[in-house]
Amino acid sequence: MRKQTELSKRAERLHLKAHVKSRDDARLLITQPGDATLIIRGRPRSMVMGCPCGCGDQLTINLDSRSGPAWRFIERSGTFTLYPSVWRESGCKSHFVVWQNRIYLFGQNDFDRRRYKKLERRVYKQLVNGRAYHFADIADALGELPWSVLMACENLANDGKVRELEKPNRGMFIRLATT
């Protein structure tokens with residue numbers, strides 16, 4: 001693995017450079033960590049991005065579920081979110097989230113933990129007593145970003161209003177009975 005000092009510093013933001021039709025065209029535009037291009041042929045097929053850790057690798061992220069497991073690419077108000085997280089099993093082994101153009105590298109920077117009171121109320125109402133829901137399913141039902149709903153669920157758990165289930169059901173939350 002190359003040293004951080006030999007390459008550009010790690011990326012904190014996603015920089016979408018262009019929409020292109022081929023992987024070769026996409027790769028030419030990636031010059032820095034966090035640079036990204038979308039490959040679109042009728043629909044988004046994949047995203048090529050410079051690994052945000054600064055290792056110099058280019059990652060190809062599948063966005064087309066017709067060709068196997070795929071990430072969701074969500075564009076809203078000029079910002080971009082990927083779901084689920086990207087966890088490299090080779091190379092630098094980085095694990096990161098792209099949420100509203102911000103890149104959060106696990107173990108290197110923390111999520112924005114601000115409170116989303118209005119969203120927390122909506123999430124709490126979505127949870128029916130006695131039934132567990134995955135935060136991504138709640139996000140889909142509410143038309144919200146998965147990472148925003150996860151933060152709302154974690155805040156509700158910290159307030160003692162919901163509980164996150166244990167492995168292997170992490171990410172699932174259940175509303176606690178009110179007394």
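Values computed for the structure shown
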read-out	value
Region 1-39 - residue that is in contact with a Lys or Arg (Cβ under 8 Å, 6 or more places away or on another chain) and in a helix (DSSP H, G or I) and, of those, modelled with the highest pLDDT	L29
Test: A136 is touching a Leu at 6+ places or on another chain (Cβ under 7 Å), in a helix (DSSP H, G or I) and touching a residue at least 12 places away in the same chain (Cβ under 8 Å)	no
Flag if G130 is closer than 28 Å to C53 by Cα and either modelled with pLDDT of 95 or more or in contact with a strand residue (DSSP E or B) (Cβ under 9 Å, 6 or more places away or on another chain) (or both)	no
Residue in region 105-127 that is modelled with pLDDT under 95, of a type in the set (V, I, T) and not assigned by TED's automatic domain parsing to the domain that holds M49 present	no
Filter result for V98 (surrounded by 15 or more Cβ atoms within 10 Å (Cβ to Cβ) and in contact (Cβ under 8 Å) with a residue 60 or more places away in the chain)	yes
The one condition in (1) assigned to a loop (DSSP other than H, G, I, E, B); (2) more than 30 Å from R13 (Cα to Cα); (3) in contact (Cβ under 8 Å) with a residue 24 or more places away in the chain that I174 fails to fulfil	(1)
Residue check for I103: assigned to a strand (DSSP E or B), closer than 23 Å to P44 by Cα and not small (G, A, S)	yes
Which listed residue, of V149, V128, V98, V123, is among the aliphatic types (A, V, I, L, M) and part of a loop (DSSP other than H, G, I, E, B)	V128
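The values are calculated or read from the model by the stated rules, or taken from the named source; none is laboratory data. Since the structure is predicted, the reported quantities are computational estimates derived from the model, not experimental observations. Quick reminder, even Gly has a Cβ in these numbers, built from the backbone with ideal geometry, and neighbours come from all protein chains shown.
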